[in-house]
């Protein structure tokens, strides 16, 4: 009875108030709605103008907070890079105060969360971020350049990431701030926290080139503090060609402005996609050959196509995000792998890679796949799910049990492309392709320019284009471990794999520069001899080893099945190991057009390698 009384008491009280004329049910509901919405905007500020430049002073001002306490958390990872990075390790000196300057109690709850006791008053939290890691996933600042990735800098209120936010950035005199965020009179505006951290900022004195394609504006922002031998105009020209080719495929752009943040650093660093921008790190003095520009164009094409695949066409778990822990998906083989596939198609369509160059790149990828010992040990879907422990920090044995979802996913995309082209024609359908697959998926977007994709939707769309059920094809190669049938498919398209000379003898082992064993191939000579990860190679046949090149020269100078005696250091114990070299099972091949071929096959091949554009080699 007491429990029922507690439940009924609020309703009895409300009825009494209504009877007394003090309130009405409608008024009470309005007040409840007001209380629920009485959380104001969140205001961020980051100061890069003070010494030391790598210590960023960040403030977060919260208006009308709920309750008496508010929790602030820093993300544990950044979207697009599937690894727990624990950004909070770079945060120090968390403190809070009221508007009048009165200090407020701050309690650390866990590794990435702090609780501020404010008793319902507006408050400001302040802390430092130590930004010394230059990568596309983290934040870095010095006296010349800064790259700010929001997930590593800005704390959020758990459960309230939909609040509108604004940002102010203080910089030293002469520095320029570039971001895809909307500018305001005092800084920048974001619709919510997700948009804030999905819009990186670059700060410095860059070279900026702006161009338009189909009414959409693009900023190419190049930071090269130590200089570069890159031809900026060529980089921008390539970017324009890639953007134009992508628009031709996808029917325009889902944004009004896009920013390419390009940072030059000797270590390089790849790229990371964002909704309306990307961050890429290139080596500044590498542009002494056409291949360097092709690598830069490939990276740009990959990151730019992510504006559709993964940013707007994505598994539901990949946005809105849970920033506190892993966000699991089985579809990285599609989001990353098929972006690799489309990267190659876009470069071909843009004329930045010739048809021969397209085949050369495919040849290299296919040879890498066939030479990888764990290429077909684990289904692609599972490889996607375990990315959090298998992609960015793989264990030594992963080489024998797994493979990159970029590499194999990209090759599966090529395989599906050929399957769609062949099946659609044989079934009397309009000629299909992986490009048309993306077009059909993109046609399903909602008013927010998003498509929540599932594996079922993907398979259904592919099956419609092919004119038959492709579920068995996916079951074999995505959810099963059947080898990719690319060699056979290419033959049907008039492209043959021509085996090259036998590869040099090998021990089936990967070493670092200090001759320590990084991994041992499954069923290879090293594994059969008993070599272990971590062993250090000291000598071979009583010859002192001082480099991996020295070891390779000795082994390559003798025929396969030669027996050697290795002297190794294993945890401080010197031992002898007998090992016999062997020829690797995977024999490298080249891809060549098979001539003569039937006219229908040649037409199929030429359409695949041209795909509606006159792709030619660069001069």
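The values are calculated or read from the model by the stated rules, or taken from the named source; none is laboratory data. The shown structure was predicted, so the numbers you read here are calculated from the model rather than taken from an experiment. Glycine also receives a Cβ, built like all others from the backbone with ideal geometry; neighbour counts cover every protein chain displayed.
Structure above, values below:
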item: The one condition in (1) surrounded by fewer than 22 Cβ atoms within 10 Å (Cβ to Cβ); (2) part of a helix (DSSP H, G or I); (3) touching a residue at least 24 places away in the same chain (Cβ under 8 Å); (4) out of contact with any helix residue (DSSP H, G or I) (no Cβ under 8 Å at 6 or more places or on another chain) that residue 303 fails to fulfil; result: (1)
item: Residue count, segment 517-533 (criterion: in contact with a strand residue (DSSP E or B) (Cβ under 6 Å, 6 or more places away or on another chain) and more than 19 Å from residue 565 (Cβ to Cβ)); result: 3
item: Number of the exception - residue 441 against (1) at positive phi; (2) outside any loop (DSSP other than H, G, I, E, B); result: (1)
item: Residue within segment 272-283 that is modelled with pLDDT of 95 or more and either in the same structural domain as residue 438 (by TED's automatic domain parsing) or more than 26 Å from residue 181 (Cα to Cα) (or both) present; result: yes
item: Enumeration of residues in segment 255-290 that are over 23 Å from residue 336 (Cβ atoms) and out of contact with any strand residue (DSSP E or B) (no Cβ under 7 Å at 6 or more places or on another chain); result: 266, 285, 286, 287, 288, 289, 290
item: Options 170, 141: the member that is touching a strand residue (DSSP E or B) at 6+ places or on another chain (Cβ under 9 Å), surrounded by fewer than 20 Cβ atoms within 10 Å (Cβ to Cβ) and farther than 23 Å from residue 325 by Cα; result: 170
item: Flag if residue 461 is at pLDDT 95 or above, part of a helix (DSSP H, G or I), crowded, with 17+ Cβ neighbours inside 10 Å and out of contact with any strand residue (DSSP E or B) (no Cβ under 6 Å at 6 or more places or on another chain); result: yes
item: Among the candidates 202, 180, 217, residue that is assigned to a loop (DSSP other than H, G, I, E, B) and in contact with a strand residue (DSSP E or B) (Cβ under 7 Å, 6 or more places away or on another chain); result: 180
item: Qualifying residue in segment 311-322 (condition: assigned to a loop (DSSP other than H, G, I, E, B), surrounded by fewer than 21 Cβ atoms within 10 Å (Cβ to Cβ) and on the phi > 0 side of the Ramachandran plot); result: yes
item: Some residue of segment 551-571 being at positive phi and exposed (fewer than 14 other Cβ atoms within 10 Å of the Cβ); result: yes
item: Lone qualifier among 204, 150 - being crowded, with 16+ Cβ neighbours inside 10 Å, modelled with pLDDT of 95 or more and at positive phi; result: 204
item: Any hit, segment 418-434, residues being crowded, with 22+ Cβ neighbours inside 10 Å, touching a helix residue (DSSP H, G or I) at 6+ places or on another chain (Cβ under 6 Å) and under 20 Å from residue 315 (Cα atoms); result: yes
item: Those residues of segment 261-282 which are part of a strand (DSSP E or B) and either more than 20 Å from residue 151 (Cβ to Cβ) or without any contact (Cβ under 8 Å) to a residue 12 or more places away in the chain (or both), in sequence order; result: 262, 264, 282
item: Which numbered condition residue 391 misses (of (1) at pLDDT 95 or above; (2) buried (at least 17 other Cβ atoms within 10 Å of the Cβ)); result: (1)
item: Leading residue by the ranking (surrounded by the most Cβ atoms within 10 Å (Cβ to Cβ)) among those in segment 442-458 that are under 22 Å from residue 431 (Cβ atoms) and within 22 Å of the chain's Cα centre (by Cα); result: 458
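Every residue, every condition in (1) within 16 Å of the chain's Cα centre (by Cα); (2) under 16 Å from residue 338 (Cα atoms); (3) assigned to a loop (DSSP other than H, G, I, E, B), yes or no:
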position	(1), (2), (3)
381	no, yes, no
399	no, no, no
406	yes, yes, no
414	no, yes, no
417	no, yes, no
